[in-house]
1. Of all residues in the stretch 47-61, which are closer than 21 Å to residue 3 by Cβ and surrounded by fewer than 20 Cβ atoms within 10 Å (Cβ to Cβ)?
2. State which residue pairs qualify: first residue part of a loop (DSSP other than H, G, I, E, B) and inside the stretch 31-51, second residue of a type in the set (Asp, Glu) in any location, beta carbons under 6 Å apart, and separation of 6 or more residues or different chains.
3. When you look at residue 8, is it β-branched (Val, Ile, Thr) and either modelled with pLDDT under 90 or part of a loop (DSSP other than H, G, I, E, B) (or both), yes or no?
4. Where in the stretch 101-166 are there strands (runs of 3 or more DSSP E), lying wholly inside it, with at least 3 residues that are modelled with pLDDT under 60 and open to solvent by 50 Å² or more (accessible area, probe 1.4 Å)?
5. Looking only at residues that are open to solvent by less than 80 Å² (accessible area, probe 1.4 Å) and touching a residue at least 24 places away in the same chain (Cβ under 8 Å) in the stretch 19-30, which one is farthest from residue 84 (Cα to Cα)?
Amino acid sequence: DGRYTCYTHWGGADGPGGKSSAEIHIVDLHTGADTLVGKGINPRWANHHNWLFFAHWTGDGMPPYETGTQVIRYDADTGNKVVITSGMEAPHSLDHTDTWLYGSQRYRGRKPEYVAGRVRNLPGSDIQRLPEAPNRHAHVHANPSYPVVMVRAKDPSDPVYGMNRG
């Protein structure tokens, strides 16, 4: 609704295992208050709610990432945080009803390394893999107004410029 904005601040090597981590902040544009939401990466706003989704590395399961990341939903209006799922490293976007969060999982040492998926916007949800989606560095983008999803992936035959859309 335009009340809040989000930014990340790289906080140095104070994450699990001494890995670098980012701080997720929200600024309330009505009051000027700057709130530290937590440590994480890839923050994404919902389309129709003041919900912010981000990936938080727990340090578990490294590698692979099946259990080492959590997607957290932060409600900017109430300050409540809930874990939506584990294993999704990169939340990308929500569908036009804010029901499904699309993103990708990363499986180091396996082929394909990145797998596109979606998860219900409910605590403790399981990730549903999208087998039709191209799965090499896949980025899933949902239209905020219509039930349309686009997948962008790196074309392995052209490692520099080869982007495709499906």
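The values are calculated or read from the model by the stated rules, or taken from the named source; none is laboratory data. Please read these numbers as outputs of a predicted model, since none were measured by experiment. Because the Cβ atoms are built from the backbone with ideal geometry, glycine has one as well, and the counts that use them run over all protein chains shown. Protein only, heavy atoms only, side chains kept; ligands, DNA and RNA dropped before computing areas. Shrake-Rupley method; radii C 1.70, N 1.55, O 1.52, S 1.80 Å.
1. At the first step, the residues of the stretch 47-61 found to be closer than 21 Å to residue 3 by Cβ are 47-54.
Within the stretch 47-61, 47, 48, 49, 50 meet the criteria.
2. 46/98; 47/98; 48/98; 49/98; 50/77
3. Details: β-branched (Val, Ile, Thr): yes; either modelled with pLDDT under 90 or part of a loop (DSSP other than H, G, I, E, B) (or both): no.
It is false that residue 8 is β-branched (Val, Ile, Thr) and either modelled with pLDDT under 90 or part of a loop (DSSP other than H, G, I, E, B) (or both).
4. Details: elements: 114-120, 139-142, 149-154, 163-165.
Because the criterion is at least 3 residues that are modelled with pLDDT under 60 and open to solvent by 50 Å² or more (accessible area, probe 1.4 Å), the strands (runs of 3 or more DSSP E) in the stretch 101-166 that meet it are 163-165.
5. Residue satisfying both the conditions and the ranking: 28.
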